[in-house]
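Structure first, then comments.
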Amino acid sequence: MTLEELKKVTAVPAVISDRDGLISWVNASFESFFGWKSKEIMGRPLTVLIPKNLHDAHHLGFSRFLLTEQGTLLNKPLKLKAVTKAGKETDCEHLIIAEKQDGKWVFGATLTPLE
Amino acid sequence: MVADLAALIAELRSILGKLEVALGSIDTGVVWTDSKGRVQWCNRGFDRITGRAHIEILGIGLEGFLPLSRDGRLVPPEAHPLRLIMTTGVMEREAYQLKRGDEVLSLEIEGSRFHLSEREEAAILLVQDVTERARSLERERELAQSAALSEQKRLAELERAQLAALNVMEDLELRHKEIETREKKLQETMAMLVQAEKLQSVGRLAAGVAHEVKNPLSVIRMGADFLAKRIGEGDPDARQVIEDISDAVRKADTVIRGILDFSSLSAVSLKQDDLHAVLEASISLVRHELERLRVKVVRNIAKEPLLALMDRNRVQHVLVNLILNASHAMGVGGTLTVRAYTQKIGNAGAGKGRREGDRFKAGETLAVLEIDDTGPGIPEEHLSKIFDPFFTTKKTGQGTGLGLSIAKNIMDMHGGELNISNRRGGGVRATLIFKT
C-alpha cells in the first residue's frame, strides 16, 4: 500500500505523520473512532495514539528507522493497542507504511479496531 | 526558536537511534519494564532468546512472559528476577532455565532498578543465553565422568587381575610347599632306606661273625667248665681265672644271641591277640627285676581285652625290653605308667594320613600302648640314634645296644610303630602302635 492508496481508505481509521512523528493527516473514520477532530490532532505527536508504556519503544524504534532506514515493523499487520482521545486503550490491527517524499520520510498507518 | 527545537528533536532522535542500534547489536538480551513489570522495551538479543518479536512483547507483564525455573523447579513469582530487582534494587548474576518450545535454555540474568522520576521506577534486566556454554560444560563433565568411569573400570580390572595373579602366586606357593614337603618326605624315606640297608648289611655281617664266633665260644665255655671241674676247690687263683673266663663267655654269648636275634628277624606271624594280656605277661616276666628296683607299676588299662594284630612272642620280647630299659633308666624307686587305648585315625598326622604309602590310613582304628617312666629322659643328641644297632649309653658289658633296634624292627614288621620321646614333665614315653 502506498500513501496515495492510504489516503483513499475510508472503511478503517487511517493516519499520516511526517518524519518528526507529528500527525499531518487523518481520515473521517479515524475522527469517528478515536474521537479526535482533524484540526485538533494535526501537528500532535503520534504518541497521543500510543499507550504510555509503549512510548519508549516507539521513540527508540522510530529513531532507529530514521537513522538506519531499516524497518522491522513495516508493511505487516501488527496487533497493538491504540489510545482514543478519551484515553481508552483499544486493540487495533496496525499496518504501517513509510515512503520518502522530497527526500523526507513520511509515515502512514491504518488502525483497524479489533473490538 | 522552532527551528532550534526541530534540530534538537532531530539530534535526540539520532542519539536514540544510535542507542537502539547499539543495544540491538549485542547478544545479551536487554529488557526494561515499568514499575508494574510490563515490558517497555527490549533489544533483538532478547527477541532471539524468547523467540518472539519485541513488538509482540511490549506492554506484556515480564513475569508471566518469562516463566523461569531453577534446578528443574518453576521459580515462584516472589523469587522471579524481576520481583527481586524491584524489591532489593539490584540482583547479581544468577542462573535460570527457560523452556522454549522443546528445548530448555540456560540463562544468566542480572539487573537493577532505577528511578525515572520521584514516583516512577523501572527495572532493567540483562539476560544472557549460556545454553551452548552450559551444554559444552555438560559435555565436558560427561566426558570427564566417562573418563573417570573408564579409569575406575580399568582400575577395577587391574585390581581383579592383581587379585588373580595373587591367587595364582598363592596357589604356586602352596604347590611349592607341597613339593617341598614331598621332597623332604622322599629324602627322609631315602635316608631310612639307606639306613635300613646299612643295618641289614651290619646285621648280615654281625650274623656271620656271630656264627663263626659261636662255636669257638662253645668250645671255650666247655673247656672252662672242664677245667673248673678238674681244679675243683684246689688252686683258688686258677679257679678265679676260669670263672672270669666263664663270665666273659656268658657276656659274649649274650651279645651273639642278640646279634642272631637281630639278624633272624625276617617274618612275624600276625593274629589278633589281647594286648592287655601280653602286657601283663611281659610285666610278670620281669617282676623280679621290678621288685629289686622297687619300681611301682601304674596301669591305666581297661578291663576288657584290647585286640590287636600281633605276633605275641615278638611283642612280648619288645615289651620286656622296653620295661627293663625304663626300669634301669629310673634306677631305684621309679614309677612305670602303662596306658592302652584305641584310636581312630583322622585325616592327617605323622606317619598316618591320607597319602598313598602312609603307614596308617585315615579312618583306621589302631591300638596304642604307652609306657612312661620317671627317669632322667634321653639327651636330645641321642634321640636320633637310639634305634641304631649297637648304640648304647650303658657301660661296656652291660648292654649290647641291640634291644631297641630289634624292638623297632619287630614293630615295623607288624606294620606298626615304635616311637620314643622325652615327656614334657620329665622321663621317657615309649609309644607302640598296632593295627587292629
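All of the numbers you see were taken from the coordinates with simple rules; none came from a lab. Just so it is clear, the structure is predicted and the values come from calculations on it, not from any experiment. Note that we place each Cβ from the backbone using ideal geometry, even for glycine, and neighbour counts take in every protein chain shown.
I'd like the mean, over residues of B:12-23, of how many other protein chain beta carbons sit within 10 Å of each residue's own Cβ.
Values: counts 2, 11, 3, 2, 9, 10, 4, 4, 10, 6, 1, 2.
Per residue, the number of nearby Cβ atoms from other chains is 5 on average.
Which far-off residues, 5 or more places away or on another chain, put their amide H under 5 Å from the one on B:Val75, with H placed in the peptide plane?
Counting only residues 5 or more places away or on other chains, the set is B:Leu68, B:Ser69, B:Arg70.
Test of understanding: ordering B:Val213, A:Val15 by Cβ neighbours within 10 Å, fewest first, what list do you get?
Starting with the residue having the fewest Cβ neighbours, the order is B:Val213, A:Val15.
Quick check for me: using +1 on Lys/Arg Cβ and -1 on Asp/Glu Cβ, what's the dipole size of chain B about its Cα centre, in debye to the nearest 20?
On the way: 61 positive and 63 negative charges, 501 e Å.
For chain B, the charge dipole is close to 2400 debye.
Counting other beta carbons within 10 Å of each residue's own, what order do B:Cys42, A:Cys92 fall into, fewest first?
Details: B:Cys42 27, A:Cys92 23.
Taking fewest neighbouring Cβ atoms as first place, the list is A:Cys92, B:Cys42.
May I ask you to derive the relative contact order of segment B:267-435, considering only C-alpha pairs under 8 Å and at least 6 residues apart, and to give it as an integer percent? Write down the numbers at each step before the final one.
Details: 322 pairs, mean separation 38.2, N = 169.
Relative CO of segment B:267-435 lands at 23 percent.
Per residue of A:60-70, how many C-beta atoms from partner chains lie within 10 Å of its own C-beta, taken as a mean? Please list the in-between numbers first.
On the way: counts 12, 8, 4, 12, 10, 3, 5, 9, 5, 0, 1.
Taking all residues of A:60-70 together, the mean is 6.
Could you tell me which trypsin sites (Lys or Arg not before Pro) in segment B:1-84 are loop residues by DSSP with no more than 11 other beta carbons within 10 angstrom of their beta carbon?
On the way: sites: B:Arg13, B:Lys18, B:Lys36, B:Arg38, B:Arg44, B:Arg48, B:Arg52, B:Arg70, B:Arg73, B:Arg83; in loops: B:Lys36, B:Arg52.
Filter output for segment B:1-84: B:Lys36.
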